[in-house]
Amino acid sequence: MLGPESYGERLETIGGIVRSRLPVKEVAYVEGVLTFRLLTRDIKERFREVYYELTRIGFVPAAVEVGGQVELRVFPYSQPQTRRSPWPLVLFLATLTTIFLDGAIRSGLLGGRALAGGGLVEALLYTVGIMTIIGIHELGHKISARHDSIASSLPYFIPGIPGLIPTFGAVIFQRGPVRNRDDLFDLGVSGPVAGFLAGLVVIWIAFSQAQWVERSVIMRMAEEGAVTMLPSPLVFQLMGLLFSPGGDVVPVFPAVGFAAWLGMVVTSLNLLPAWQLDGGRIFRSLTSFRTYRILSYATVLLLFVTGYYYFSLMLLLFMMNPIDFPPLDMVSPLSKMRRVAMIGVVALAVVTFVVLPSPLLNLLRI
């Protein structure tokens, strides 16, 4: 339980920091928490300054609105301890292995090709393609966190199942608080945007190595099981316009084509507004917790209808105990520039989203 003794000799220092930057109406202890009632709502930049000053002496501020009154609450805070762990490296190597084995299967290297043949180069390029997209995605998060002084872990890559899905992506654990809605938006959007840009390079490589074959031939090969046809995201179709030689032809990709395809799927899924995904942070920066929960359930429904059965059920299971991650400053709105950027977030999700074959969609068409 907090109280005056929790602040001790720092009480006067805390008051000086807050009063020097924000107009204070009155000071009180609300359930033991030192609370400054403010005379203004325009606190975004000054809150940032107060945050930096208070964390240096072991405290952290939080701004909320109560009954039309802005309150700045100050809590004792200790910086998160950074521990070196071997797990990021172990999981990175394990994921590298599962991706390479998956590439070896898709390139035919494990199906009888000589080790020194083209299959090895194809498997290596496939591995580099996927690791580049996922790695740069996580690097985007890491750079954003560092820029906003948010403590975070190294990326933990998640190995997958060779021959099915080579990796389940990666996660970075946030160890420090997010100051305001702008920082929350930046933290969420940085990964998908960085991963998408890396994915465009991989898509370009895939199309530059693709062979263009008449559609009728591909349909016959697909019926015979010689090739696998995957539904294409819009970004693939747009890139195809640049590379297509003309006529009714279809690109047949080497293994790196699947790497590019998977990268786009990962990007689109991460942009959806469910709390476990990057999109959860992006949309939480704009909406209330209630609206954000509704969007999460709508995301589950969308995924289920569009063929992502297992993924949607997994998200639904996690949502039984939803976690909110509001920024410390819940009073200041998201900046106008970022609100406009939401249009780009939605557009990016649209051009990368892949609709999987789904019996439910067939029923809806009837």
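The values are calculated or read from the model by the stated rules, or taken from the named source; none is laboratory data. Keep in mind the model is a prediction, meaning the values are calculated, not measured. All Cβ positions, even for glycine, are placed from backbone atoms using ideal geometry, and neighbour counts span all protein chains on display.
A few points about this structure:
Each row is one residue, and each column tells you yes or no for (1) among the basic types (Lys, Arg); (2) assigned to a helix (DSSP H, G or I); (3) under 25 Å from PRO254 (Cβ atoms).
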{"residue": "VAL189", "(1), (2), (3)": "no, yes, no"}
{"residue": "VAL193", "(1), (2), (3)": "no, yes, no"}
{"residue": "PHE196", "(1), (2), (3)": "no, yes, yes"}
{"residue": "VAL202", "(1), (2), (3)": "no, yes, yes"}
{"residue": "VAL213", "(1), (2), (3)": "no, no, yes"}
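- If you go through the range 333-366 and keep only what is polar (S, T, N, Q), at pLDDT below 95 and not in a helix (DSSP H, G or I), you end up with just SER358.
One line per residue, one yes/no per condition, for (1) among the aliphatic types (A, V, I, L, M); (2) over 16 Å from LEU277 (Cβ atoms); (3) out of contact with any Leu (no Cβ under 6 Å at 6 or more places or on another chain):
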site	(1), (2), (3)
LEU301	yes, no, yes
GLY307	no, yes, no
SER312	no, no, no
LEU317	yes, no, yes
MET320	yes, yes, yes
PRO326	no, yes, yes
MET330	yes, yes, yes
PRO333	no, yes, yes
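Let's see how each residue does on (1) in contact (Cβ under 8 Å) with a residue 24 or more places away in the chain; (2) out of contact with any Gly (no Cβ under 8 Å at 6 or more places or on another chain); (3) under 27 Å from ILE205 (Cβ atoms):
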{"site": "SER78", "(1), (2), (3)": "no, no, no"}
{"site": "PRO88", "(1), (2), (3)": "yes, yes, no"}
{"site": "ASP102", "(1), (2), (3)": "yes, no, yes"}
{"site": "VAL121", "(1), (2), (3)": "no, yes, yes"}
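- Qualifying residue in the range 248-258 (condition: part of a helix (DSSP H, G or I) and within 19 Å of the chain's Cα centre (by Cα)): no
- Residue in the range 322-344 that is within 15 Å of the chain's Cα centre (by Cα), surrounded by fewer than 21 Cβ atoms within 10 Å (Cβ to Cβ), on the phi < 0 side of the Ramachandran plot and aliphatic (A, V, I, L, M) present: yes
- Residue count, the range 27-50 (criterion: assigned to a helix (DSSP H, G or I) and surrounded by 15 or more Cβ atoms within 10 Å (Cβ to Cβ)): 5
- Failed item, numbered, when GLY103 is tested on (1) farther than 16 Å from SER149 by Cβ; (2) not assigned by TED's automatic domain parsing to the domain that holds ASP329: (2)
- Test for VAL265: is it of a type outside the set (Phe, Trp, Tyr), touching a residue at least 60 places away in the same chain (Cβ under 8 Å) and surrounded by 24 or more Cβ atoms within 10 Å (Cβ to Cβ): no
- Within the range 293-315, not a single residue is hydrophobic (A, V, I, L, M, F, W, C), assigned by TED's automatic domain parsing to the domain that holds ASN180 and under 25 Å from LEU72 (Cβ atoms).
- Residue list for the range 8-26, filter: assigned to a helix (DSSP H, G or I), closer than 20 Å to GLU49 by Cβ and of a type outside the set (S, T, N, Q): ARG10, LEU11, GLU12, ILE14, GLY15, GLY16, ILE17, VAL18, ARG19
- Residue match in the range 204-211 (condition: at pLDDT 95 or above, assigned to a helix (DSSP H, G or I), assigned by TED's automatic domain parsing to the domain that holds THR127 and closer than 25 Å to MET342 by Cβ): no
- Any hit, the range 270-293, residues being out of contact with any Pro (no Cβ under 8 Å at 6 or more places or on another chain), more than 26 Å from ASP183 (Cβ to Cβ), surrounded by 15 or more Cβ atoms within 10 Å (Cβ to Cβ) and modelled with pLDDT under 90: no
- Residue match in the range 134-157 (condition: more than 18 Å from SER268 (Cα to Cα), in contact with a Ser or Thr (Cβ under 8 Å, 6 or more places away or on another chain), crowded, with 19+ Cβ neighbours inside 10 Å and among the small types (Gly, Ala, Ser)): yes
- Qualifying residue in the range 156-169 (condition: outside any helix (DSSP H, G or I), out of contact with any Lys or Arg (no Cβ under 9 Å at 6 or more places or on another chain) and among the hydroxyl-bearing types (Ser, Thr, Tyr)): yes
- Out of GLU71, GLU65, GLU53, GLU5, sole residue that is among the charged types (D, E, K, R), in contact (Cβ under 8 Å) with a residue 12 or more places away in the chain and part of a helix (DSSP H, G or I): GLU53
- When residues of the range 215-240 are limited to those that are within 29 Å of the chain's Cα centre (by Cα) and in a helix (DSSP H, G or I), the one farthest from LEU269 (Cα to Cα): GLY240
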